[in-house]
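**Student:** Pasting a structure below so you can have a look.
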Amino acid sequence: MRPLNRTEIKKLYRTLSPMKCQIMFLLAGVEKPANVGSIFRIAEGLKAQVLLSGRTPIPPSPEISMTSMNQEDRVVWKSFVQTKEAILYAKSEGYTVIAIELCQNAKPYQEFDYPKKVCFVLGHENSGVHAEILSICDDAVFIPYYGKNYSLNVAMSAAIVAFRACLFQK
């Protein structure tokens, strides 16, 4: 076994079936530019859109660019003052809005039946998605976590759930 070179990687990806889903990430008060940059990088890999709201930093930002490896330039993104506006926008575009959050009635992410168009709402690194926003989401999922902490990093959570939603789409 050996690592693939860039040409071999491109050939490998051309053999894969096309994406069966459309993803949108709504960053509702994610404050750390490194997390925002990581989510832009994930979004580029999934051909996803990014919605930024509240106190979430917006490009251009050196720290976002460094973490995303400049992928924010390849991703369709919009900024909203209010998270509610962003949710209304996502719903108007036909997306089902699903919070990634530990909350009442949330379902384990690996058991959820994801729609083809999904907007994942990600909240602040410490306080999560606010109750007011959860109340207007269509559903919620969580990642079971068995350590002393109760959750993963916001960008890591975005990647795990979004790739699951796309890779296991019927």
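The values are calculated or read from the model by the stated rules, or taken from the named source; none is laboratory data. What you see is a predicted model, and the numbers here were worked out from it, not measured in a lab. As a convention, Cβ positions derive from the backbone with ideal geometry for all residues, glycine included, and neighbour counts pool all protein chains shown. These accessible areas exclude ligands, DNA and RNA; they are computed on the full protein's heavy atoms, side chains included. Shrake-Rupley method; radii C 1.70, N 1.55, O 1.52, S 1.80 Å.
**Student:** Show the residue pairs meeting these rules: Cβ distance below 9 Å; 6+ apart or different chains; first residue within region 1-17 and over 21 Å from residue 167 (Cβ atoms) and open to solvent by 100 Å² or more (accessible area, probe 1.4 Å); second residue among the acidic types (Asp, Glu) and part of a helix (DSSP H, G or I).
**Tutor:** Once the first residue is over 21 Å from residue 167 (Cβ atoms) and open to solvent by 100 Å² or more (accessible area, probe 1.4 Å) and sits in region 1-17, no partner that is among the acidic types (Asp, Glu) and part of a helix (DSSP H, G or I) comes close enough.
**Student:** Checking residue 50 against (1) in contact with a strand residue (DSSP E or B) (Cβ under 8 Å, 6 or more places away or on another chain); (2) over 13 Å from residue 155 (Cβ atoms): exactly one of these is not met. Which one?
**Tutor:** (2)
**Student:** Considering each of 32, 91 in turn, give the residue that is under 16 Å from residue 155 (Cα atoms) and either of a type in the set (A, V, I, L, M, F, W, C) or surrounded by fewer than 23 Cβ atoms within 10 Å (Cβ to Cβ) (or both).
**Tutor:** On the way: 91 fails: under 16 Å from residue 155 (Cα atoms).
Every option except 32 fails the conditions.
**Student:** Scan region 18-27 residue by residue and report those that are assigned to a strand (DSSP E or B) and open to solvent by less than 60 Å² (accessible area, probe 1.4 Å). Quick ask: steps written out before the conclusion?
**Tutor:** In the first step, residues of region 18-27 are kept if they are assigned to a strand (DSSP E or B); the result is 22-27.
23, 24, 25, 26, 27, listed by residue number.
**Student:** Now a separate question. Given the options 78, 84, name the one that is within 20 Å of residue 133 (Cα to Cα), open to solvent by less than 100 Å² (accessible area, probe 1.4 Å), in contact (Cβ under 8 Å) with a residue 24 or more places away in the chain and more than 16 Å from the chain's Cα centre (by Cα).
**Tutor:** Values: 78 fails: more than 16 Å from the chain's Cα centre (by Cα).
Answer to the selection: 84.
**Student:** So, one more: Exactly one condition in (1) closer than 21 Å to residue 36 by Cβ; (2) out of contact with any strand residue (DSSP E or B) (no Cβ under 7 Å at 6 or more places or on another chain); (3) outside any helix (DSSP H, G or I); (4) open to solvent by 20 Å² or more (accessible area, probe 1.4 Å) is false for residue 67; which is it?
**Tutor:** It is condition (3) that residue 67 fails.
**Student:** Filter region 12-46 for residues that are among the basic types (Lys, Arg) and at pLDDT 95 or above; which is nearest to residue 83 (Cα to Cα)? Before the answer, list the steps.
**Tutor:** So the first thing to find is which residues in region 12-46 are among the basic types (Lys, Arg), and the list is 14, 20, 32, 41.
With the extra rule that they be at pLDDT 95 or above, the set shrinks to 32, 41.
Working: 32: 17, 41: 22 Å.
The residue in question is 32.
**Student:** Conditions: (1) of a type in the set (D, E, K, R); (2) under 14 Å from the mean Cα position of the chain (by Cα); (3) surrounded by fewer than 18 Cβ atoms within 10 Å (Cβ to Cβ); (4) under 22 Å from residue 33 (Cβ atoms). Residue 101 meets all but one. Number of the miss?
**Tutor:** (3)
**Student:** Here is a further query. How many residues does region 20-59 hold that are of a type in the set (Lys, Arg) and within 15 Å of residue 75 (Cβ to Cβ)? Steps first, please.
**Tutor:** Initially, region 20-59 is screened for residues of a type in the set (Lys, Arg), giving 20, 32, 41, 47, 55.
If we keep only those that are within 15 Å of residue 75 (Cβ to Cβ) too, we end up with 41, 47.
Residues that pass the stated criteria total 2.
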